[in-house]
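Notes follow the structure.
The values are calculated or read from the model by the stated rules, or taken from the named source; none is laboratory data. Predicted model only: the values in this text are computed from it and were never measured. Every residue, glycine as well, gets a Cβ built from its backbone with ideal geometry; the counts of neighbours run over all protein chains shown. Remember, those area values only see protein heavy atoms, side chains included, never the ligands or the DNA or RNA. Shrake-Rupley method; radii C 1.70, N 1.55, O 1.52, S 1.80 Å.
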Amino acid sequence: MKKVEHIGIAVKDFAISIPLFENLLNVPCYKQETVESENVNTAFFKLGETKIELLQSTNSDGVIAKFIEKKGEGIHHLAFDTDNILAEVERLKNAGFTLLNETPKEGADNKLVCFLHPKSTNGVLIELCQEKK
Ligand code: ZN
């Protein structure tokens with residue numbers, strides 16, 4: 001793994017949270033994108049090498065809506081950049097971690113992504129990502 005690529009934050013309402021994070025970070029949101037397969041809208045901010053990804057559910061029973069129902073708004077996942085996501089998946093599987101998806105799927109921001117189950121990572125949802133070429 002190379003670096004923290006982004007930190008995912010679950011929010012209820014982009015109309016409130018995008019201006020909030022623009023004010024907080026003092027940078028504009030550079031991209032908004034919907035990931036249909038995950039029922040989620042994303043909004044990105046860039047600070048140096050690291051990004052902040054805001055996540056808003058597109059419907060009331062999406063994963064982000066359920067997360068907010070259970071835990072409230074807040075940090076949802078940490079994403080680590082990889083050069084070879086398949087090799088990382090293999091390494092982590094062999095090390096005893098539980099993958100939520102072993103086959104990379106299309107994520108936001110031109111990425112292939114895999115998630116690790118938080119029960120095997122001290123309660124933190126971990127995303128592996130690799131830039132699509
Ligand atoms: Zn993410």
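At a glance:
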{"quantity": "Any hit, region 60-70, residues being outside any strand (DSSP E or B), at positive phi and open to solvent by 20 Å² or more (accessible area, probe 1.4 Å)", "calculated": "no"}
{"quantity": "Considering residues of region 6-19 that are touching a residue at least 60 places away in the same chain (Cβ under 8 Å) and farther than 14 Å from Phe115 by Cα only, the residue most open to solvent (accessible area, probe 1.4 Å)", "calculated": "Lys12"}
{"quantity": "Strands (runs of 3 or more DSSP E) contained entirely in region 1-54, each with at least 1 residues that are touching a Cys at 6+ places or on another chain (Cβ under 9 Å)", "calculated": "4-10, 40-47"}
{"quantity": "Any chance Leu128 is among the aliphatic types (A, V, I, L, M), over 21 Å from Lys12 (Cα atoms) and in contact with a strand residue (DSSP E or B) (Cβ under 8 Å, 6 or more places away or on another chain)", "calculated": "yes"}
{"quantity": "Index of the failed condition, Glu33 passing every other in (1) of a type in the set (D, E, K, R); (2) more than 16 Å from the ligand (Cβ to nearest atom); (3) more than 18 Å from Thr121 (Cβ to Cβ)", "calculated": "(2)"}
{"quantity": "Out of Glu102, Glu127, sole residue that is in contact with a Phe, Trp or Tyr (Cβ under 7 Å, 6 or more places away or on another chain) and either assigned to a loop (DSSP other than H, G, I, E, B) or in contact (Cβ under 8 Å) with a residue 12 or more places away in the chain (or both)", "calculated": "Glu127"}
{"quantity": "Condition met for Ser57 (among the small types (Gly, Ala, Ser), under 15 Å from Gly107 (Cα atoms) and surrounded by 11 or more Cβ atoms within 10 Å (Cβ to Cβ))", "calculated": "yes"}
{"quantity": "Long-range neighbours under 6 Å by Cβ, at least six apart or interchain, first residue under 14 Å from Asp81 (Cα atoms) within region 43-63, second open to solvent by 30 Å² or more (accessible area, probe 1.4 Å)", "calculated": "Thr50/Val4; Ile52/Ile7"}
{"quantity": "Members of region 81-132 that are within 15 Å of the ligand (Cβ to nearest atom), open to solvent by 50 Å² or more (accessible area, probe 1.4 Å) and not aliphatic (A, V, I, L, M)", "calculated": "Lys105, Glu106, Asn110, Glu131, Lys132"}
